[in-house]
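Have a look at the structure below before the remarks.
Derivation of every value follows stated rules applied to the coordinates shown; laboratory data play no part. Source: prediction; values computed, not measured. In this analysis, Cβ positions are derived from the backbone assuming ideal geometry, glycine residues included, and neighbour counts consider all displayed protein chains.
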Ligand SMILES: Cc1cc2nc3c(=O)[nH]c(=O)nc-3n(C[C@H](O)[C@H](O)[C@H](O)COP(=O)(O)OP(=O)(O)OC[C@H]3O[C@@H](n4cnc5c(N)ncnc54)[C@H](O)[C@@H]3O)c2cc1C
């Protein structure tokens, strides 16, 4: 599928007052995300580019572009801020890049629930919600740029997932206002589980205009780093803080094994060479209890900032966690990449230790402490890899699988290959998995009957 130049010209002629981008350099920039973290995706996607980009100023402009694209059969790739890691906004077949950033109004926050247009930046959502006593339950480390629609369409979670689990946890996303791609676009409010059928579908299942999400109370968070001489002691501290300390309120906890902290050059004065580090956000009132726990594990507190101090410094530890850990390391050494893993709640630390033993120093251990959709306590990894070649990268991921860890492969750009939609032999699926897959595909049929949304990313949908 590729739009011809007559169809593309017709779009602009029909809607001359819209904010179009046609400059090839700018189009090339807008067409890429952070898939360059993966040498595999970089090779596969670097030449892909939209033919046009458009930034609607309101819902009516979105509707007019979408209707025109449906008439001309032009592919549409929805773009939030383009901070995804898997080429989710990279148009494989050209067409129009639909930049949602202009539709960014905050609507309201009350009673633990908030609503906004999908193009709102997450930092802006919190800036508006916090004075009302509420904040987002999950903050990816890209929160300054990333949009609410992009987090829903392509993200997992972030700071906050230690308490609330991922975006996918039932009860987190309460509603979505969605537009279909048709010559007469329909706008529908989906609630609860129906809305969730569009989560992490990489903009292939409908255009999300607004989201209603459950919120967390806005609390005064204290940022702290504890360093450890011993890998095991640092990891044990994290496990106890995460799962055995219900009285300590936390928003973020990550463990970075040596030599990862050495890559954080802007925090060098707080990170002795060769240390292992735990980076955390805890309730200010929990500080004494946390310090006691750190000391009991032989750790040392090397960094402490209140929320006001962190804001004033324009730096938060969240921007050293999640995939910002990889970004910080890549600033120092370009020959790195990463893998994504999840550990079995029943033996997570056992697996982490075994894999550290099997693969360090080639693979550097970075784990984030979270809860799963079923509430189980575990950790998930964004391990940094010294890259040699694709075959070895595949081998490393296989070693992880052989140890019982789950790999969410970040070196693929097909939705099903990343593990979020199942397309294996139906006979191997459970009844629940079959239902989830069928419901998601029915949603795709309902909101994108011509298959114009982000074509090439979804293998299961034949159209
Ligand atoms: C350094 C770094 C750190 C990161 N840390 C985290 C992290 O902590 N947690 C995490 O979950 N992710 C993380 N990510 C991935 C990414 O930043 C987040 O998922 C972010 O929320 C994506 O938002 P975005 O606005 O940039 O989305 P985009 O990249 O623009 O879009 C993501 C997907 O959603 C779709 N989409 C966007 N808006 C809409 C819409 N309105 N309707 C339908 N579909 C839509 C797009 O088509 C695309 O497929 C990180 C990435 C980087 C590079």
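Roughly what % antiparallel, to the nearest 5, for the DSSP beta bridges in the chain?
Working: 65 of 73 bridges.
Bridges in the chain are about 90 percent antiparallel.
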Problem - Mean Cα-pair separation over length for the chain, i.e. relative contact order, pairs under 8 Å, 6 or more apart, % - result: 16 percent
Fill in the blank from the handout: Helix 231-243: inclination vs the chain longest Cα principal axis, degrees, rounded to 10, gives 70 degrees
Practice task
Let me know the Rg and Dmax you get for the range 198-278 when you use only its Cα atoms, in Å.
Solution key: 18.0, 50
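Exposure proxy check: 270, 199, 276 ranked by fewest other beta carbons within 10 Å? Write out the running numbers ahead of the final one.
On the way: 270 16, 199 21, 276 25.
Lowest to highest Cβ neighbour count: 270, 199, 276.
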Handout entry: Helix 323-332 axis, angle to the chain major axis (alpha carbon atoms, nearest 10°)
Key = 80 degrees
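Per the helix-only calculation at 222 nm, which mean residue ellipticity applies to the chain, given -39500 (n - 2.57) for every DSSP H run of n ≥ 4 and division by its residues, nearest 500 deg cm²/dmol? Let's see the in-between values first.
Numbers: 15 runs with 144 residues, N = 463.
That calculation yields -9000 deg cm²/dmol at 222 nm.
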Problem - Between the range 287-307 and the range 380-423, the alpha-carbon center distance in angstrom - result: 34 Å
Practice task
For the range 312-379 and the range 40-107, write down the distance between their C-alpha centroids in whole Å.
Solution key: 30 Å
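Expressed as a rounded percentage, what relative contact order does the range 88-209 have, with Cα pairs under 8 Å and six or more residues apart? Mind dumping the intermediate values first?
On the way: 194 pairs, mean separation 24.8, N = 122.
Across the range 88-209, relative contact order equals 20 percent.
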Exercise for the section: Only Cα pairs under 8 Å and at least 6 apart count here; give the relative contact order of the range 264-353 as a rounded whole percent. Expected result: 24 percent
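Quick check on the exposure proxy: order 250, 457, 311 from fewest to most C-beta atoms within 10 angstrom. Numbers along the way, then the final one.
Details: 250 21, 457 24, 311 11.
Sorted ascending by nearby Cβ count, the order is 311, 250, 457.
Counting other C-beta atoms within 10 Å, which of 194, 244, 236 has the fewest, and how do the rest follow?
Details: 194 15, 244 10, 236 18.
Arranged by neighbour count, lowest to highest, 194, 244, 236 become 244, 194, 236.
Taking the convex hull of the Cα atoms, report for the range 5-101 its projected area averaged over all directions, in nm².
Numbers: hull surface 23.1 nm².
The orientation-averaged projected area of the Cα hull of the range 5-101 comes to 5.8 nm².
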Exercise for the section: May I ask for the distance between the Cα centers of the range 113-163 and the range 441-463, given as a whole number of Å? Expected result: 27 Å
Completion exercise
the range 5-101: antiparallel bridges as % of DSSP beta bridges, rounded to 5, reads 20 percent
Completion exercise
So the angle from the long Cα axis of helix 390-402 to the longest Cα principal axis of the chain, reported in degrees to the nearest 10, equals 60 degrees
